[in-house]
Amino acid sequence: MSSQAAMLKPVLWERLFERESAPNLSLQGRVRQMLVSAILSGHLPPGAPVPSSRHLADHLRIARNTVVFAYQQLVSEGYLVSRERSGHFVSDSVMQGHLQNPAQGHGAPAATTAADDSRRPARWDERLRFRPSLQRNIVKPRDWQKQPYPFVYGQFDQDLFPTAEWRECCIKALSVLDIRSWAPDLITHDDPALIEQIRTQVLPRRGVWADASEIVITVGAQHALYLLADLLVNDDTVVGMEDPGYPDARNIFASHTRHLLPLPVDAQGLITGTQLLGCDYVFVTPGHQCPTSVTLSPERRDSLLALASQADSMIIEDDFESESRWGAEPVPALKSLDREGRVIYVGSLAKSFAPGLRIGYIVAPPELAVELRALRRLMLRHPSAYIQRAFSLFISLGHHHSLLRRQSQEYQKRGAELARALARHLPDFRAAPITGSSFCWLEGPPWLDAAELAEAALADGVVIEPGNVFFMDGASAPRNFLRVGFTSIRLEQIDPGIARLAEVVRRYRLRAAA
């Protein structure tokens, strides 16, 4: 039997015959219906061979002539083609036009999905604990990279990707000695080389000093947050969330507790006050607040730590822009001020240049880190040890530091150009200062609906992100905010892109006023 047909092993042909053919048809009709189902579902793609009539008849325990006649009928209907001395193959044009249903006509009664009234389909609406697909999420067009003006946040930039350097590290990680290190199942452990690079090269730049036992590698920062929520949060846990804030973190914690407390944000970041005393955990983005980009002031940092100590609560710090900072000397992480072990630090290694690599980490007290590794084992054992080793080489050989320096220089240029373009083309919009971040939080005029604007702008090749999704209460969220990123758009495209957006705004306002 050929390789394509072998993909459906004998036991699967039998199962497919039982599942996809109606018992009220003749055996020939059932064979035809089964094969058409396999073809239209993509299990047998165009050009793929089907089993010989003898092979299929043997495994379905039916007469060979039954299969032969079924094949002949499918050839006449255009589903199969016969090649001399080669057998039968799925027609290359099988998906073109509307072919006759082999279960109908020629004396075969129409198949029904309810051939057996005793079957009870599974009711997933009664089994699902909750529906993540219904949560409010940040949505980006799938084809955003094809658009001329992609003002999206935190995505891949082919112009800045260190192709040669990353390839070098991947090749080095395939040496005999390295393979012996990463090929075995690490179970609950991580690559010690990567842990050491994070401990000595990455964290000190944020003012954080940690032991190897305090660092846990994750499949991105998102995975880190889910691990923490799964381990620490239950139905009665109160989690304080910045509002507006990071939607995915909000959704993760909302899937574990009913008690999310919105905490307002102003020009100095999270507003600290007695409302924090009722929180078991507080999730913050103090470096550059998501989505406003403001930095938590030193006074607020001290106040937040003091309140956490007073309430015996914990702080989860998401330092999501730790890699893409530029400009003035960055403010150290909140974790660097922690003297009581109350700050759990979450970081990302690849967000700045290849978010598809999915590699992040948690810095937590050793007793918590042990449990995080044990919980991670239940989910996926450990992140790819090969990627961990390649990334440890990427850092140790100096490529990571060089990349961050190049990105810092480029983002500073793009940020300045975006600020100029916004002031020139959209003077009615209020832009938050772009100080070392890789995006701009923009407040439009009161009449603006940013979701409608984003849809209209996409038709003109401009990709922007509506801001209402960042607010906890979707019903009362303001509609006139949007986030404009500049990590994935070339410098020379920023001004014409904002000019194009301004033209879309003008047309949108005229339609709204009409």
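Assorted remarks:
- Near ALA38, once Lys and Arg are set to +1 and Asp and Glu to -1 for all other residues with Cβ below 12 Å from its Cβ, the sum equals +2.
- Looking at the chain alone, DSSP beta bridges between its own residues are antiparallel in about 55 percent of cases.
- With 32 Å as the limit, the listed pairs LYS140/LYS413; LYS172/LYS335; LYS172/LYS351 have LYS172/LYS335 beyond it between alpha carbons.
- Förster radius 51 Å - calculated FRET efficiency between LEU128 and GLU492, Cβ distance, rounded to 0.05: 0.60
- Ratio of Rg to Rh over the range 190-246 (Cα coordinates, Kirkwood Rh, two decimals): 1.06
- Neighbourhood charge, 14 Å Cβ-Cβ cut-off, centred on ARG250 and excluding it, Lys, Arg +1 and Asp, Glu -1: -3
- Rounded to the nearest 20 debye, the dipole magnitude of the range 163-398 is 640 debye, with +1 charges on Lys and Arg beta carbons, -1 on Asp and Glu beta carbons, and the Cα centre as origin.
- Kirkwood's formula applied to the C-alpha pairs of the range 132-207 gives a hydrodynamic radius of 16.9 angstrom.
- Of all DSSP-defined beta bridges confined to the range 163-398, some 35% are antiparallel rather than parallel.
- Here the chain is described by how far its Cα atoms reach on the three principal axes: 85, 67, 50 Å, from widest to narrowest.
- Rounded to 10°, Cα long-axis angle of helix 298-311 versus longest principal axis of the chain: 70 degrees
- Only the Cβ atoms of Lys and Arg (+1) and of Asp and Glu (-1) were treated as charged; on that basis the dipole of the chain about its Cα centre amounts to roughly 1520 debye.
- Contour excess over end-to-end distance, with Cα ends at SER255 and MET379 and 0.36 nm allotted per residue: 43.0 nm
- Checking every one of the trypsin sites (Lys or Arg not before Pro) in the range 184-289 against DSSP loop status and a limit of 12 other Cβ atoms within 10 Å picks out ARG258.
- Charge tally in the Cβ shell below 12 Å around LEU80, where Lys, Arg are +1 and Asp, Glu are -1, LEU80 excluded: 0
- For the chain, with +1 on Lys and Arg beta carbons and -1 on Asp and Glu, the positive-most of ILE271, HIS259, HIS425 along the dipole: HIS425
- Spatial extent of the range 3-90: Rg and Dmax, with the Cα atoms as the point set, Å: 11.6, 34
- Rounded to 5, percent antiparallel among DSSP beta bridges of the range 272-380: 35 percent
- The ellipsoid that matches the Cα gyration tensor of the range 163-398 has semi-axes, each √(5λ) in whole angstrom, of 31, 20, 15, with the longest given first.
- Considering helices alone, the calculated mean residue ellipticity of the chain at 222 nm is -12000 deg cm²/dmol, with DSSP H runs of length four and up weighted by -39500 (n - 2.57) and normalised per residue.
Only the coordinates and a few stated rules stand behind these numbers; no lab work does. Not measured: the values here are computed from a predicted model. Please note: Cβ atoms are built from the backbone with ideal geometry, for glycine as well, and neighbour counts cover all protein chains shown.
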